[in-house]
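A short reminder: the numbers here are calculations on the coordinates, not readings from a lab. What you see is a predicted model, and the numbers here were worked out from it, not measured in a lab. Ideal geometry is used to build each Cβ from the backbone, glycine not excepted, and the neighbour counts take in all protein chains shown.
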There are 2 protein chains.
Amino acid sequence: MGDARRYLTIDDEFQMLHGRLSRPTIAYETLGKLNHANDNAILVLTGLSASAHVASSQEDPTAGWWEDVVGPGKPIDTNRFFVICVCSLGSFFGSTCPASVNPDTSAPYRLSFPVLTLEDIAHGAKCVIDHLGIERLHSVVGASMGGMSALAFALMYPDAVYAMLNISAAANSQPFSIALRSLQRELVCKDPKWKNGDYPFDEQPEEGMRLARKLGMISYRSAQEWRDRFGRERITGNVPFAHDNPFGLDFEIEAYLTSRARSFMDAFDANCYIYLSRAVDLFDAADHGGSIQMAFNGLGIERATILGVQSDFLFPPERQLEIKTTMSSSGIDVSFQILDSIQGHDSFLVDMTRFRPAIAAHFKDS
Amino acid sequence: MGDARRYLTIDDEFQMLHGRLSRPTIAYETLGKLNHANDNAILVLTGLSASAHVASSQEDPTAGWWEDVVGPGKPIDTNRFFVICVCSLGSFFGSTCPASVNPDTSAPYRLSFPVLTLEDIAHGAKCVIDHLGIERLHSVVGASMGGMSALAFALMYPDAVYAMLNISAAANSQPFSIALRSLQRELVCKDPKWKNGDYPFDEQPEEGMRLARKLGMISYRSAQEWRDRFGRERITGNVPFAHDNPFGLDFEIEAYLTSRARSFMDAFDANCYIYLSRAVDLFDAADHGGSIQMAFNGLGIERATILGVQSDFLFPPERQLEIKTTMSSSGIDVSFQILDSIQGHDSFLVDMTRFRPAIAAHFKDS
């Protein structure tokens, strides 16, 4: 398997909201070609656990995390657009992160990595955009944490973006989602193998990560989907109430969560996870202007598409409605749609029947 | 402080769905007086963490868990009704439970306690009702797990109950709530101090219980309530991003969860908790007839009041609607109401403005 990643190493000191990094690297992938008018670039910012590999390419033919959305003739059409997907600063998939070596000390950052914010992630993405010679993006695109990072980007660089596609996100984090993420981080940090962040990288706090992932899966999907998929089915061949393990798994839903949670823990570094998780808590668009409305009044985008999902209880529809209403009050031309997907917060990754046309519509008239 | 509990010790062997107990004890409290017609008795079955102390009395003047609902002149009026609240079999508050000594072995049951079901809890309650000489209850009342236990009771003893008040419950458990409870149990059982159930009783797996309770609190309340109560308030005097503890608590919601979770872990035995939690997963009214409809066709109740709460995502309104629709199809006279409470699943314990009249209405015309 190939690797389509490019790496931008920032020669200067990189100022973060709560600290600084020496010569960080930002990983990214690109698809399509920048046109001569320099007006067909789309920046995709990612969710918490996604890499820069948004879609397959000649260099890396493996399917990307948004394979059905990005590509030739697809809703984000790489025959028309130059797509840049940036690996978030702090993420484990190639950009400088808490698992990276600090060039000033020659030791991994671990918890000496500065507190991370979505503004820092947007800043890292802007460095890539500048490096590529792009003055103004056609669109900044993001879902979930990526949608919040897209807001941060547009708020910080009002001249650098014409339009926004924002999916299943919010203008800030509210206590319910903060509580869930706080508990997820606690599950990681209570694992004795976390060792206050000083675990050997090949001995991750897997148990804590696995439990955090289970909780994530519960909050990312929806009750209706699981009811339809699993009902009260029991695990095939299971001996319920076995005397040697009376609290073993019994229902199919329990087996599903366990198998899926295992696959996640192999792929992510624990410290990176808790830094990114906290960054989502910390984001508040109001920090850019005193209130969300005052902040949005400073946006430079001319139009936006705001999408949400009826069954999403982590970023519920009223959060997207708030973005829509506030942007409209700022004079931005907003297209708004709450989709009937049953897969909850994760719908943008799975309910392609609904999301493909909704995403395509954003790019139709431009 | 006094103790109003009575204890019924069952002389015979007590047959459970998945085992048997020798001479178990069922704790209960009563309020009011049984009338000569023997037709004013109300059985209250409890949620997972409640005791038999439903309301204050002369013997125990401390406030009960439903103090605003049960008492003289209150919605469940002890001037009119003889109220019996039974401590669930398996619960830590006086009935035989996994922490009790098995008289056959003189050692605590721990995980040798048979798998517990809500049918067993209903069976224990029926023993109390028989002991008190009550042939037919005016009503069986329950919320949450208590509502499911009330269904179990009415299904098992169709001649023993005239009416039902069922609050924020469901005819069975669905994968979303099973997933949450499964993860809660896992948090307890992964605590090294759980020791496969063999912990000393004064050295509970407090950490696991505390984490399970946090998750419970997240699922018992609602996003809207927390948004109204906490917003993005930071902890007073907090030093965010402290270098010695970069992932300490920061937001008020995190402090709230931590303080509330601590208070719980002192009051409950870990094994009892996981037995009761699993009992909720296992309940399915359809086990009493092949389908929920066929089971409900065998009910002996003449009328029912089914209440739910708009903001409850653990037992969402469609679950109460299912009970209502199915009972109506069985010819039962059903009163149905979904309340606008914002406190989620726990609303029946806190939103007295809405619940008092809704509960009172059930007893008005009888």
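Things worth noting here:
- Inter-copy label distances at A:Gly248, using a point 7 Å along Cα-to-Cβ, come to 4.5 nm with the shortest given first.
- Summing Lys and Arg as +1 and Asp and Glu as -1 over all other residues whose Cβ lies under 14 Å from the Cβ of A:Ser22 gives a net charge of -2.
- Rg and Dmax over the alpha-carbon atoms of chain A stand at 20.5, 71 Å.
- Placing unit charges on each Cβ (+1 for Lys and Arg, -1 for Asp and Glu) gives the range A:88-218 a dipole about its Cα centre, and among A:Pro98, A:Ala170, A:Val141 the Cα reaching farthest toward its positive end belongs to A:Ala170.
- Dipole of chain A, positive direction: furthest Cα of A:Asn79, A:Ser329, A:Thr46, with charges on the beta-carbon: A:Ser329
- Partner chain coverage, peptide B:104-111 - average Cβ within 10 angstrom: 1
- FRET efficiency estimate (nearest 0.05) - Cβ-Cβ, B:Asp228 to B:Ala107, R0 41 angstrom: 0.25
- About its Cα centre, chain B has a charge dipole of approximately 380 debye under the convention of +1 per Lys or Arg Cβ and -1 per Asp or Glu Cβ, with nothing else charged.
- Between A:Ala63 and B:Ser291, the distance separating the two model label sites (each 7 Å from Cα on the Cα→Cβ line) works out to 3.6 nm.
- Cα long-axis angle, helix A:252-265 against chain A (0 to 90 degrees, to the nearest 10): 60
- For the peptide B:183-192, the mean number of other protein chain Cβ atoms found within 10 angstrom of a residue's Cβ is 4.
- Shielding of A:268-280 by partner chains, average beta-carbon count, 10 Å: 1
- For the protein assembly as shown, the fraction of alpha-carbon pairs lying more than 43 Å apart is 32 percent, rounded to a whole number.
- Residue of A:Asp312, A:Asp269, A:Asp159 that the Gaussian network model of chain A assigns the largest fluctuation, springs spanning Cα pairs under 10 Å: A:Asp159
- Taking the Cα centre of the range A:178-273 as origin and assigning +1 to Lys and Arg Cβ atoms and -1 to Asp and Glu Cβ atoms, the resulting dipole is close to 380 debye.
- Chain B residue with Cβ closest to the axis mapping B onto A, distance in whole Å: B:Phe313, 3
- Amide H contacts under 5 Å for B:Thr305, placed H, 5+ residues apart: B:Met164, B:Leu165, B:Asn166, B:Ser335
- Between copies, the label points of A:Asn79, set 7 Å from Cα on the Cα→Cβ line, lie 8.1 nm apart, reported in increasing order to one decimal in nanometres.
- Inter-copy label distances for B:Asp198: 3.4 nm (label point placed 7 Å from Cα along Cα→Cβ; shortest first).
- Against chain A, whose longest principal axis comes from its Cα atoms, helix A:270-282 is set at around 60 degrees.
- Springs join every pair of Cα atoms under 10 Å in this Gaussian network model of chain B, and among B:His36, B:His138, B:His53 the largest mean-square fluctuation is at B:His36.
- Pairwise label distance in nanometres, B:His18 with A:Asp12, each label 7 Å out on the Cα-Cβ vector: 6.4
- Using the Cβ-Cβ distance between B:Arg262 and A:His131 with R0 set to 51 Å, the FRET efficiency works out to roughly 0.55.
- Within a Gaussian network of chain A (alpha carbon springs, distance under 10 Å), most fluctuating of A:Leu111, A:Leu137, A:Leu211: A:Leu111
- Radius of gyration and Dmax over the Cα atoms of the range A:49-102, both given in Å: 12.9, 42
- When the pairs A:Lys33/A:Lys74; B:Lys214/B:Lys324; A:Lys214/B:Lys193; B:Lys74/B:Lys214 are compared against a 25 Å limit on Cα-Cα distance, B:Lys214/B:Lys324; B:Lys74/B:Lys214 fall above it.
- Percentage of interatomic Cα-Cα distances in the range A:178-273 larger than 17 Å: 58
- Relative contact order for the range A:178-273, counting Cα pairs under 8 Å that sit 6 or more residues apart, in percent: 28
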